[in-house]
1. Taking residue 461 as meeting all but one of (1) in contact with a helix residue (DSSP H, G or I) (Cβ under 9 Å, 6 or more places away or on another chain); (2) closer than 24 Å to residue 98 by Cβ; (3) aliphatic (A, V, I, L, M), write down the number of the exception.
2. With respect to residue 437, is the statement that it is within 21 Å of residue 550 (Cβ to Cβ), surrounded by fewer than 17 Cβ atoms within 10 Å (Cβ to Cβ) and basic (Lys, Arg) true?
3. Just to check your reading of the model, which residue among 574, 533 is open to solvent by 30 Å² or more (accessible area, probe 1.4 Å) and within 21 Å of residue 417 (Cβ to Cβ)?
4. Yes or no: the range 173-183 includes at least one residue that is of a type in the set (A, V, I, L, M, F, W, C) and under 21 Å from residue 162 (Cβ atoms).
5. Are any residues in the range 448-467 modelled with pLDDT under 80 and either over 13 Å from residue 494 (Cβ atoms) or more than 20 Å from the chain's Cα centre (by Cα) (or both), and if so, which ones?
6. Would you check if there is a residue in the range 192-207 being without any contact (Cβ under 8 Å) to a residue 24 or more places away in the chain, open to solvent by less than 50 Å² (accessible area, probe 1.4 Å) and hydrophobic (A, V, I, L, M, F, W, C)?
7. So, in the range 208-219, of the ones that are assigned to a strand (DSSP E or B) and either touching a Ser or Thr at 6+ places or on another chain (Cβ under 7 Å) or free of Cβ contacts under 8 Å to residues at least 12 places away in the same chain (or both), which residue ends up surrounded by the most Cβ atoms within 10 Å (Cβ to Cβ)?
8. Hey, does the range 357-374 have a residue that's in a helix (DSSP H, G or I), more than 26 Å from the chain's Cα centre (by Cα) and modelled with pLDDT under 90?
Amino acid sequence: MKKRFSLKLILLILLLVFLPSKTVQAEGETIAFGSEGYLWNLNEQVEVGIHFVAPYPVNQLEMLVTFEDRFLEFIAGGELIEPGVVRLAPGPLFDGAYSTMLNFHTRMAGDTSISIRYVNVHTDVGINSEFPSVTSPIRIEAPESSRLGGIHINGYDLEQFDSALFHYIIEVGYEIEMPEIGVTTIDPEATVEISDRNLSVGENRIVIVVNSPVTGSAQYVLTIHRQEASETPIVEEETVEEETDFAGLTSEASVIHEANPSVATRNQVIFTIVLLFLVLVLIALFYLKMNFNRTRKKEEIRRRNEERRLERRRRSLQTSQDANEYQKSSLDDYEDFDHIEDFRLVDERKIVLQVEGISMDFTREKDEASSLKELAIRIIRRKRNINKFRALNDITFSVKEGEVIGIIGTNGSGKSTLLKIISGALPPTEGSVVVDRDKIQLLTLGTGFDGELTGRENVYLNGAIIGYSKEFIDEKYDEIVEFAELDGFMDEKVRNYSSGMVSRLAFSVATIRDTPEILILDEVLSVGDAHFKVKSNARIKKQIRSGSTVLIVSHSASTIREICTSAIWIEKSKLMMYGDTASVCAAYERMNK
């Protein structure tokens, strides 16, 4: 007991001293622009991509994008709340991902930037994240007639002047209070505006704007450092900043900082990392003990489940018999006797999928801790307010060979969770699934896509996750690109794709191989625009007609009626109805009305 109390006391002291309470970014969240830098021309329409990804559903997302409105004129893509500030506030993000494009018109040439200054995330489990600002540099190229032909300071030409560069660093002596600045323009009709030239000691910024009546304006910036009185006067020296790979400019100050980091700062970082490592070790030991207790409880639950298994089996067989009797009683209403013969044939086929008393629980914390310190204190005091959320509650049904089963229900009812349990992606809390999983293909779009890879690389990555060999993808690659209608875009990074382009590519990869014996479709019947929906629905129907056993999740009752032979209605984690398609869809629609 004394040893356990000492460990808890050490952990609490470390957290109180080194971990101040504040809102932190959750693991896995990212926010970024579509490119690390932008190179545009004057007087053209341009786009900037904004991408947000979180590993959980998001109830509310808000971000502010700032820019210099003298360089860029905002057109569309968000809410302009004041000059140079755009607000983005999309609705709930059930998959945790959000991408959009902001449209601008370039109105002045020069070097500028665009930033995401504020991002706030709220979720239903209490996560409240704040992000540091993200900035991407922009260079807007000027036409020849909007450029300067030269810059003269105190009668001397800038020897390293280049009309294509917009920023220069100059150092002058203390005695120079107001330099004489002259310029020449390439366009004789262009006018020039120069900002205040009075210099204070230290760094000063002088802006030169060229206004061409034909092609527009361009901005040049002189950063002039005036020495202090005690410094030795030196001859004027012009320094042109280095260009980056994306034609932006890196500041001289930032380069110096990277080359000569503070030793004290480095030691402080190392010390903090060591302390955090010790804290994590203590937390890991505590969780090992908790996991041991959970294992014992799970063993007890498993024993109880085994006792109830026979009872679930009896109920499952009864449910299957009731459904068969209902289908046979409905045959008298059909006039097409060939169709009746096919319908009866389904009943005589073997059962390929048996779901017995499936229940699925997820744990969530009602009052989420806002910091590691607060979390550790709650663990030590055993005051974590954790409850269980039941996503599925005692689901039992069977599927026969060749059946096409539609699964309907409102959002959050547990449909996708059920498919993941059947495919083996999730283990159930209670119950069992009897099926040959080697014969299953779960079709859900975008699994394993990486925004930093190209479309071509993602085809091979996504195909490998699904189970395709490299030789198979090599053989089918051209067919995949042709069906997705992305010829000419496959060497672009996926992060620059629109959501429709990503969906088309994912659908084409997932459906390229021959139909499996058991096909599971999770919301894949509404991909892309109207033209592509026709193609995708035709391919799905072709796979269904090949004789596979099919499970389809869809919000569209009309789609279920058109395609499926039977339907399952799941509402708020419970099995509401299982039977013929018309009766189940009618009951579901009455509930929605």
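The values are calculated or read from the model by the stated rules, or taken from the named source; none is laboratory data. In this text the structure is predicted, and so the values were computed from the model without any measurement. For neighbour counting, all protein chains shown are included, and Cβ atoms are generated from backbone atoms with ideal geometry for every residue, glycine included. For the accessible areas, the whole protein counts, side chains as well, though only heavy atoms, and no ligand, DNA or RNA atoms are used. Shrake-Rupley method; radii C 1.70, N 1.55, O 1.52, S 1.80 Å.
1. (1)
2. So residue 437 passes the test.
3. 574
4. Within the range 173-183 (the criterion being of a type in the set (A, V, I, L, M, F, W, C) and under 21 Å from residue 162 (Cβ atoms)), the answer is yes, since at least one residue qualifies.
5. Those that are modelled with pLDDT under 80 and either over 13 Å from residue 494 (Cβ atoms) or more than 20 Å from the chain's Cα centre (by Cα) (or both): 465, 466, 467.
6. Scanning the range 192-207, I find at least one residue that is without any contact (Cβ under 8 Å) to a residue 24 or more places away in the chain, open to solvent by less than 50 Å² (accessible area, probe 1.4 Å) and hydrophobic (A, V, I, L, M, F, W, C), so the answer is yes.
7. 210
8. Taking every residue of the range 357-374 in turn, at least one turns out to be in a helix (DSSP H, G or I), more than 26 Å from the chain's Cα centre (by Cα) and modelled with pLDDT under 90.
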